[in-house]
1. Around residue 342, what is the net charge, scoring Lys/Arg as +1 and Asp/Glu as -1 over all other residues with Cβ under 13 Å from its Cβ?
2. Between Rg and the Kirkwood Rh of segment 5-225, both from Cα atoms, what is the Rg to Rh ratio?
3. Along the principal axes of its C-alpha atoms, what lengths does segment 56-169 span, in descending order and rounded to whole Å?
4. D for segment 1-74, whole µm²/s, Stokes-Einstein with Kirkwood Rh over alpha-carbon pairs at 25 °C and 0.890 mPa s: what number?
5. Would you mind ranking 237, 219 by Cβ crowding within 10 Å, fewest neighbours first?
6. Taking other Cβ within 10 Å of each residue's Cβ, how do 308, 253, 43, 344 sort, fewest first?
7. Please pull out the direction-averaged projected area of segment 247-456, using the convex hull of its alpha-carbon atoms, in nm² to one decimal place.
8. If you project the alpha carbons of segment 241-361 onto their three principal axes, what span does each projection cover, largest first, in Å?
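Values in this text are rule-based calculations from the coordinates and carry no lab data. Note that this is a predicted model, so its numbers are computed, not measured. FYI the Cβ positions are ideal-geometry reconstructions off the backbone, even for glycines, and counts take in every protein chain you see.
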Amino acid sequence: MSAPRLLLCASASGGGKTTVTCAVLQALMDRGINPVAFKCGPDYIDPMFHSEIIGAKSRNLDLFFLGADKTRYLLEQNSAGAGLALIEGVMGYYDGIAMSHEASAYHLARVTQTPAVLVLDGRGSALTIAAVVKGMANFRPDSGIKGVILNRVSPMLYPRLKACIEAETGLAVYGYLPSLPDCALESRHLGLVTAGEVANLKEKLHKLAAQAEKSLDLDGLLALASSAPALDPEPIDLPEPVEGAPVIAVAKDKAFCFYYADGLELLERMGARLVEFSPLADKALPEGTCGLYLGGGYPEEFARELADNHSLLREIHDKILHGLPTVAECGGFLYLHRHLGDADGRYDWRMAGAFSGDAHNTGKLGRFGYVTLTAQKDGLLCQAGESFPAHEFHYWDSTTPGTDFHAQKPQSDRGWDCAFHTQTLYAGFPHFHFWARPELARNFAAAARRYMQEALL
């Protein structure tokens, strides 16, 4: 039996999706309802806020990474037994790859048959907001938009906006949130700051929830969510796991926090035992480490602290050069350079130096968006000629970005070479999701298993 489910979307970024999503999640938690949370697309930060509220991992549903079958499967598996599965959309509802709807929130709602509720910023609007709602709902005949939530509107104006929208569009308005400046979530160059860095986050969330109880029709949203049909996904065939439970050390702290929860769990299903450590605080890798996973994050914000941890940097340098199987994505890739320029423009922070090259702030967003990576040589993750989807989003660049993969933009002629790929290493700016090609997770776990066996000889 599939859980009730709902997708919150918007006409553009900045409309308040994350705020409304957090308000609804916290209100449901306060009611004793057991929600689970998902994020459409590759974003790492919004799920951290969801996770902070529900006390469990929020998951990413990304059609470019996963395709329709795996998306439905993971949505069903991760929402089993929940009171509600709440999905936060991405960008504008129809905004997908290039100028298409592929991998958009609309695409996700359609593939999963999830009712969508449009979150609209109502500041400075009157009748025109009804035109926006009608246009959004009618842009595709199967839009899936079933209602509206208004954000940043006054209690005085709301009744008139509600009456207008419902009369002009026939769609239900499920309440509003007023402007709540003391509940604002701060931003930095990759988006919102992480949940762990927001001062008084719990207080802000409970204020949002209290307001949601006052001015959102939560019962109506629950009823709408219950109208979603059963998913009934097909089972997914996975490779056989490796034996021996090799330890893969996963960097996890304020500097390294960008991981897909389902990807980590897949590594475990493939036989690895994951042990977290902090490159900021721990002086050595976990005992028995046979693989190393350095995810993305904000190492540039903590460059001094990372540079001061000399013993760990030295150990990581030595073990990578002696064949420790390692995956290093974006921030993790920066950490392996000789030097890392911090957010203030200094360039002399010594990092692990696993390969030559320095990383610096370009002052602008570099390569951004989805790519398909094709290996140009055999290596840790796959063989030459094999491909898998990935994503780039970074302001820092490298003097040695690597050339072992070719990255190709979808629906575009643009492409470039990137990343390092050896029999024991993947290191580059592109992030990827292990569920995109489960063989990648199995190959990583198998390499860790071989390293463990060699260590025992």
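1. Working: positive: 304, 346, 350; negative: 300, 301, 305, 308, 344, 348, 358.
Its environment carries a net charge of -4.
2. Details: Rg = 16.1 Å, Rh = 17.3 Å.
Checking Rg against Rh, the ratio lands at 0.93.
3. Principal-axis extents of segment 56-169 (Cα, largest first): 43, 33, 20 Å.
4. On the way: Rh = 13.2 Å.
Diffusion coefficient, whole number: 186 µm²/s.
5. Details: 237 6, 219 10.
So the residues, fewest neighbours to most, are 237, 219.
6. Working: 308 13, 253 18, 43 21, 344 9.
Lowest to highest Cβ neighbour count: 344, 308, 253, 43.
7. Values: hull surface 42.0 nm².
The number I arrive at for segment 247-456 is 10.5 nm².
8. 45, 28, 23
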